[in-house]
Every structure is written in C-alpha cells, then in structure tokens.
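The values are calculated or read from the model by the stated rules, or taken from the named source; none is laboratory data. Note that the structure is a prediction, hence the values are computed from the model and not measured. Note that each Cβ is placed from the backbone with ideal geometry, even for glycine, and that neighbours are counted across all protein chains shown. Accessible surface is based on the protein model in full, side chains and every heavy atom, while ligands, DNA and RNA are left aside. Shrake-Rupley method; radii C 1.70, N 1.55, O 1.52, S 1.80 Å.
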Amino acid sequence: MNFLPFIEAKRDGQDLDPAQIRESISAYTAGEIPDYQMSAFLMAIYFRGLTDAETGALMRAMRDSGDVLRFPDDPRPLVDKHSTGGIGDKVSLPLAPLLACLGFRVPMISGRGLGITGGTLDKLDSIPGFNSLPTTGRIVEIVQTVGCVICGQTARMVPADKALYALRDATATVPSIPLIVSSILSKKLAESLDALVLDVKFGAAAFMPTLEKARELGRALVKLAGDSGVKTRALLTNMESPLGRTAGNWLEVKESVACLEGNPAETRFPAPHSAAKVPDAAERVPADLKELVLACAAHLLVQTGKAESAEAARKEAAGCLASGKPREKWNEMLAAQGADLAAFDRKLALDHTAPVVVELNATASGFVSRCDARIVGEVVRDLGGGRFTKESAINYDVGLDCLAKSGEPIRTGEVLARVHASDRAQAEAACARLKKAFVISTEPITPKPLIAEIL
C-alpha cells in the first residue's frame, strides 16, 4: 500500500477514518510497510494526537491483528486487572486465584519487566517448572477448569502491538496517551473480557509522574474500554513508596503466598524490625498489598453485579481471602502450568535463595518519612533483578525484603531493609545506595492514601 499519504495527513493534523487505520496496521503486521515509515507515523501521532474514534480504531486493529481468546458460554464472568507498573507490585499474583474463588474466570495475560519496573511473568518464572507461555488452547483450557491463568501472550496474540511497542521504544514515542491506551487495551480486549479493573500508578517510580497525568490516562482507558463493551474502572494509586515489603522476583512470590494464606492483619516486625529475628511469611503481609488486592476484587464484584455495594463486595473478598481457598487455588493454577509443587514448597521454606544477605540498619531513631520507590527499583535492577534491555538475563533470587514502610517507628540499629545479592561486594554497594532511599524524621507522619481516586 502507499502509506505516505497517511503519514502526511496525520503530520498535518487531519483525522484518519477507521478503514485507513485498519488497513495500515494490517499492512504493517504483514511486513508491507517499512519501519522507517511507521516510525514517522508514530511520531506524527505523538505530536498531533488521535481522536477518540481514531484511538478506538487503532486499538481494534491491533487486537484483531492476531488470535483473540474465545471461551465457551459460562455463567462465570471473564475479568482481568492491569497495572501500569511499579516497584513491589505483586497484586496480580494473589488476585488471580482470589478472583477464581469468587466465581470469576481470569485469563490474565501479563508481561515482563523492563528497567526498574518488575514484570509479573518474571516473578512467576522464579517458581520451579512454571510454564509462563502456554498455547492459546491451553490458556482457554486452564481458565475453564481451574478458573485462572497468569501467562504471557502467545506469538499469535496481538502481534501488531509487539512490533509497534518495540518501534515506540526505539523512537522515543512511548509517552503518548493514545498509543499507551491502544497498546494496553488491544491486549486486554483480546481476552474477550466482561469487566476490567485498572491500576494506574503515579509518583516517583511510576510511568505517570503526577496524579493529573494518571487521571488523564485513566479516563482515556476507562472510556475506550467502556465504549468497547467492557465494564471498566481505574484505581489511581500512589507509587512514591514500594508496594509491600519486598522488591525482587522470588521475594515478591513469597510475599504473595503470605498474602494468600489469609493473615487477618498486618503484624509489625518483632521489636520492631529487630535484627534478632527475621519475621516469618505471615508476619510480613503488609496492609497496602492486602488493601489493593481486596480493592481490585471488590470493584470487579460490583462491576459484574455479583455484589450490590462496595462495602458488601469488600467483605466478601476479605472473607474469601481469609478462608485459605485462594491459597489452594494458587497451587492448582501452578500445577496446571507445570510447576513442581514439591520443589516450590522447599524453596518457600528457605529464608533466602541468594548467596548473600546483608541488613541495612537505621542510624537514628524516629519515624520513616520516606522510602523512595525509584531508588529501591534501581537497586533491585542493578542487583540483577531487572532488565536494562529486553535481552537482559534475570537473577530471580536477588532483591530486597523486610522494607520499612512510611509512617512506621524505627530505632537505631533496627532493620530498614535486607539486601539479597550475588556476592558481598554487590550487597554492600546496594546498601550504600539504599541509604538514600530512606528518610527518618523526628516527628510521626501520616502516609498518603494508597488509592487516591477511582474513575
């Protein structure tokens, strides 16, 4: 096709009709449009933007560029959750089995991390034997029998998005609201969902630096998903501090399992954060992780008409989580995806799997007034727990745990964090950098709400 007139039209601020967008994406996916022309088109979109109609047409063209998951008729609604990414963001892991136990089907197609943002698939790949890339047919089979699956998109799912994202990453056109919206929703709507909850993060370690930018993205996502027939809500959540007490792939899996074991309330570290005893899993379940897991579940219960009010929905979700059934469902999902449960349980029983663990201790008494999520993410990445490029290898065992949370009291010598590293030199270098993440004040502070707004 002659793509040049389309580039010129968007460069000059003209609207494209849906047929033109559909034809362009189809031709590019088929290799009929060169990368240099598509790069120019993306840059024109970056500067000129897209109308709602154009964004919807682009999203649908990307979604329909490959396989779309098709499920048999079933009274259980198809639901999912998407996060724009953050540090310590392990919500998907306990949420999927919880939703399955609440009577949903959950075809959770997830991604890998890049830069300081952790990826759900990288966390799951730390589990012995786990297969994060089942076939399309197997995805449907697991969802129908188990109720949930967490996996990556197959090579035949949304190939246009894979190609366009790689191009956006290389051409500095990632931060475009229409391109972000079409990318996220092309993947989520390829799951044939009835309802979707979005976790749009803002702050130091989020893609959107401010609440205002997160609100703009959230509104665009909710509108297009709603216009496409998917009942959608967006939670705008604070990512100034890490979510939970861990950051790093395997350590976040351990924390997720602790959450699934239904600990009724957060327990403070002994004495608190005492170096004399490392708290066991049940003592490490943080209130913010549990709050966000239950909020996502409650909203989906209301969105699908399975609960009449937010209060009733949260009570139902909390009761289900405390019952232990989601923990059993988690094992069922792992087994369906090839995990070696005996090896998994042995690994869970270990305090650490990295060769070296070093404590970062407080040098003053007071109250933790800041734990900078960006610095935490950078430290984990540089330990080997994240990627600089898509080809980078991951060390699943490194990271941080026992993170002190904003607002908590701390005494001199108590643990601010533990660093899990490949060697002592790496651990000590990480501790030196991690000191800058924490600020200790003499007066108590009130942490900002985790969930700032709901759209």
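Counting only the heavy atoms of the protein chains, how much of THR135 is accessible to a 1.4 Å probe, in Å² to the nearest 10?
90
Of HIS352, HIS299, which has the most accessible area and how do the rest follow, probe 1.4 Å?
HIS352, HIS299
Tell me, what ³J(HN,Hα) does each residue in the range 339-344 have, in order and in whole Hz, if you take phi through Karplus 6.51 cos²θ - 1.76 cosθ + 1.60 with θ = phi - 60° and put x for Gly and Pro?
3J(HN,Hα) across the range 339-344, in whole Hz: 5, 8, 5, 5, 5, 4.
Between the helical axis of 325-336 and the dominant principal axis of the chain, each derived from Cα atoms, what acute angle in degrees is found, rounded to the nearest 10?
60
Amide H of ILE440: which non-local residues (sequence gap of 5 or more, or other chain) have their own amide H closer than 5 Å, using H built in the peptide plane?
Amide H to amide H, under 5 Å and 5 or more residues apart or across chains, ILE440 pairs with SER369.
Mind ranking 358-366, 211-219 by how tightly packed they are, going by the mean number of other C-beta atoms within 10 angstrom, highest first?
Top of the packing list down: 211-219, 358-366.
Where does each of 308-318, 417-427, 197-207 land if you order them by average Cβ count within 10 Å, highest first?
Details: 308-318: 16.2, 417-427: 20.5, 197-207: 24.5.
Packing proxy ranking, top to bottom: 197-207, 417-427, 308-318.
Which whole-angstrom value gives the distance between the alpha carbon centres of the range 104-180 and the range 284-349?
Spelled out, the Cα-based centre of one part sits 20 Å from the other.
When all protein chains stay in place, what accessible area (Å², nearest 10, 1.4 Å probe) is found for VAL91?
0
For the range 1-138, build the charge dipole from Cβ charges (+1 Lys, Arg; -1 Asp, Glu) around the Cα centre, then report which of GLY66, THR84, THR51 sits farthest towards its positive end.
THR84
Ordered by residue, what ³J(HN,Hα) values in Hz, to whole numbers, does the range 32-39 give under the Karplus form 6.51 cos²θ - 1.76 cosθ + 1.60, where θ = phi - 60° and Gly and Pro are x?
So the J values, rounded to whole Hz, are 8, 10, x, 4, 5, 6, 5, 4.
Could you tell me what a quarter of the Cα convex hull surface of the range 44-105 works out to, in nm² with one decimal place? Present the calculation step by step, with values, prior to reporting the outcome.
Values: hull surface 28.3 nm².
Over every viewing direction, the Cα hull of the range 44-105 projects on average to 7.1 nm².
Please tell me which of these pairs span more than 25 angstrom C-alpha to C-alpha: LYS325/LYS347; LYS213/LYS329; LYS306/LYS329; LYS123/LYS329; LYS405/LYS436?
Working: LYS325/LYS347 21 Å; LYS213/LYS329 37 Å; LYS306/LYS329 20 Å; LYS123/LYS329 18 Å; LYS405/LYS436 15 Å.
In this structure, LYS213/LYS329 exceed 25 Å between Cα atoms.
Show VAL68, VAL439 ordered by accessible area, largest first, where the area counts protein heavy atoms only and the probe is 1.4 Å.
The ordering from most to least exposed comes out as VAL439, VAL68.
With r as the distance between the Cβ atoms of GLU453 and ALA343 and R0 = 45 Å, compute the FRET efficiency 1/(1 + (r/R0)^6) and round to 0.05.
0.60
For ARG112, ARG70, give the ranking by accessible area with the largest first, probe 1.4 Å. If you can, show how the numbers build up before the last one.
Numbers: ARG112 105, ARG70 170 Å².
Heavy-atom accessible area, descending, gives ARG70, ARG112.
If each residue of separation counts as 0.36 nm, what is the full-extension length gain between GLU391 and GLU308 once their alpha-carbon separation is subtracted? Walk me through the numbers before you get to the answer.
Values: separation 83, 0.36 × 83 = 29.88 nm, distance 4.67 nm.
Computed gain between GLU391 and GLU308 is 25.2 nm.
Kindly provide the helix-only [θ] at 222 nm of the chain, computed as the sum of -39,500 (n - 2.57) over DSSP H runs of four or more divided by all residues, to the nearest 500 deg cm²/dmol?
-13000 deg cm²/dmol
Averaging over all projection directions, find the projected area of the Cα convex hull of the range 379-436 and quote it in nm² with one decimal place.
Hull-based average projected area comes out at 4.7 nm².
Check which residues have an amide H placed less than 5 Å from GLY66's amide H, if you skip close sequence neighbours.
VAL158
Between ASP382 and ALA166, what FRET efficiency follows from the Cβ-Cβ distance if R0 is 22 Å, with the result rounded to 0.05? Each step should come with its number before you reach the end.
Values: r = 24 Å, r/R0 = 1.09.
Taking R0 as 22 Å, the efficiency between ASP382 and ALA166 is 0.35.
Only one of the values (i) 143; (ii) 161; (iii) 135 was calculated from this structure for volume of the Cα convex hull per residue in Å³; name its label.
Among (i) 143; (ii) 161; (iii) 135, the one calculated here is (iii).
Residues in the range 131-154, backbone N under 14 Å from the label point at ASP74 (7 Å along the Cα-to-beta-carbon vector): list them, ranges by number please.
It comes to 137-150, nothing else.
Under a straight-distance cross-link criterion of Cα-Cα below 12 Å, which aspartates and glutamates are reachable from LYS435, leaving out those fewer than 8 residues away in the same chain?
GLU359, ASP372
Please report, in whole Å³, the volume per residue of the convex hull around the C-alpha atoms of the range 98-235.
With only Cα atoms used, the range 98-235 gives 130 Å³ per residue.
Report the charge-dipole magnitude of the chain in Debye, nearest 20, computed about the Cα centre from +1 at each Lys and Arg Cβ and -1 at each Asp and Glu Cβ. Mind showing how you got there, number by number?
On the way: 53 positive and 56 negative charges, 82 e Å.
About 400 debye.
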